[in-house]
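Worksheet: the structure to be examined is printed underneath.
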Amino acid sequence: MRDFSKDHRWLSLNTATVRKQGDLVAIIEACARHGIRAIDPWRDQVAAVGLERAARAVRDAGLELTGYCRGGMFTSDAAHRIEARDDNRRAVDEAKALGAPCIVLVVGGLPQYSRPGSAVSKDILAARSQVHDGIAEMMEYADSANMPLAIEPLHPAYAGDRACVNTTKQALDICDALDPKRSGALGVALDVYHIWWDPELLPQIARAGKDRLLAFHVCDWLVPTKDILNDRGMMGDGVIDIKSVRSAVEAQGFAGYSEIEIFSEEWWSKPMDEVLRTCIERHRSVV
């Protein structure tokens, strides 16, 4: 396993971590000040400053991207499926313009939450079938742009509203069904917040192998967690054995960035520079 203790060369910042402290350009400027070399921006943050300006800011700062958040939300009723398809095609176009190495997919839960206005449904099996079909359709468009797709399994608490793919096994089953030759077009983004609890995690990481491991995200699970969405912990403040998960991922040949992604009202209330300094320190000591 790589030694992160001496520098933060392999730290990437998911820009949601400081989304309330400034716009994307301000975040990029702060990363440059702190020697952070990579980011993963969110679509709404890119839209707020404009795609062209965002791409220029990334280039001018000499930053790499570790992904683009997010595509997906495939589940809907029939009236909203073209909307979902077109939105995901725009995500591919944006990711290409920004130079992202992949699009992170949050696949969607029940239709009424994934695509507001959709008819109410409680059929999670149908939702999972739509996810399979939606990814297959998106892959056709993404392939033309040479843009890999990374399925992110989310904690089961999100099955209803954000993602009905909740384990690494489920995500890899989709990968094997849609990309059996392991072409590089489809893989997974593994976030320790969502997967740390899974008793099948280590064998599933081994199953993924290097060619399916497209992104690796870190934060921590607080006990107690006060809000399942916006109370993620800074690495080292919770109960996840982050180093053991990174060790398993790197044992498969993953040699990319460890991307810090923290949704937290507490950390959003702190100055951006303080948050980034803490991210750097914890990346060196805990990740």
Regarding ASP60, is this residue within 20 Å of the chain's Cα centre (by Cα) and of a type in the set (D, E, K, R)?
-> no
Looking only at segment 195-251, which residues are closer than 17 Å to ARG2 by Cα and of a type outside the set (A, V, I, L, M, F, W, C)?
-> LYS210, HIS217, ASP241, LYS243, SER244, ARG246, SER247, GLU250
Positions within segment 193-243 being surrounded by fewer than 18 Cβ atoms within 10 Å (Cβ to Cβ) and touching a His at 6+ places or on another chain (Cβ under 8 Å), in sequence order | TRP197, ILE228
Just to be sure, is ALA100 modelled with pLDDT of 95 or more, of a type in the set (A, V, I, L, M, F, W, C) and more than 21 Å from the chain's Cα centre (by Cα)?
-> no
Can you spot a residue in segment 83-102 that is under 13 Å from GLY134 (Cβ atoms), touching a residue at least 60 places away in the same chain (Cβ under 8 Å) and not hydroxyl-bearing (Ser, Thr, Tyr)?
-> no
Does segment 185-207 include one or more residues that are β-branched (Val, Ile, Thr), out of contact with any strand residue (DSSP E or B) (no Cβ under 9 Å at 6 or more places or on another chain) and in contact (Cβ under 8 Å) with a residue 12 or more places away in the chain?
-> yes
Do we have ILE280 as surrounded by 14 or more Cβ atoms within 10 Å (Cβ to Cβ), in contact with a strand residue (DSSP E or B) (Cβ under 6 Å, 6 or more places away or on another chain) and not hydroxyl-bearing (Ser, Thr, Tyr) here?
-> no
Is it true that ASP44 is closer than 30 Å to LEU125 by Cα and surrounded by fewer than 19 Cβ atoms within 10 Å (Cβ to Cβ)?
-> yes
Does LEU63 qualify as being without any contact (Cβ under 8 Å) to a residue 40 or more places away in the chain, more than 24 Å from ALA163 (Cα to Cα) and in contact with a Cys (Cβ under 7 Å, 6 or more places away or on another chain)?
-> yes
Within segment 149-164, can one find any residue that is touching a helix residue (DSSP H, G or I) at 6+ places or on another chain (Cβ under 9 Å), in contact (Cβ under 8 Å) with a residue 40 or more places away in the chain, surrounded by fewer than 18 Cβ atoms within 10 Å (Cβ to Cβ) and farther than 20 Å from GLU261 by Cα?
-> yes
Pairing a residue in segment 264-287 that is within 24 Å of LYS226 (Cβ to Cβ) and in a loop (DSSP other than H, G, I, E, B) with any residue that is of a type in the set (Gly, Ala, Ser) and modelled with pLDDT of 95 or more, where Cβ atoms lie under 6 Å and the two sit 6 or more apart in sequence or on different chains, gives VAL286/GLY236; VAL287/SER258
Does GLN252 satisfy the condition of being surrounded by fewer than 17 Cβ atoms within 10 Å (Cβ to Cβ) and either without any contact (Cβ under 8 Å) to a residue 60 or more places away in the chain or not aromatic (Phe, Trp, Tyr) (or both)?
-> yes
Qualifying residues in segment 118-137 (those that are of a type outside the set (S, T, N, Q), without any contact (Cβ under 8 Å) to a residue 24 or more places away in the chain and in a helix (DSSP H, G or I)) - the one surrounded by the fewest Cβ atoms within 10 Å (Cβ to Cβ) | LEU125
Condition check for ALA189: aliphatic (A, V, I, L, M) and assigned to a strand (DSSP E or B) = yes
If we scan segment 72-92, do we find a residue that is among the aliphatic types (A, V, I, L, M), surrounded by 18 or more Cβ atoms within 10 Å (Cβ to Cβ) and on the phi > 0 side of the Ramachandran plot?
-> yes
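The values are calculated or read from the model by the stated rules, or taken from the named source; none is laboratory data. The structure displayed is predicted, hence computed values, not measured ones. Glycine gets a Cβ as well: all are built from the backbone with ideal geometry, and neighbour counts include every protein chain shown.
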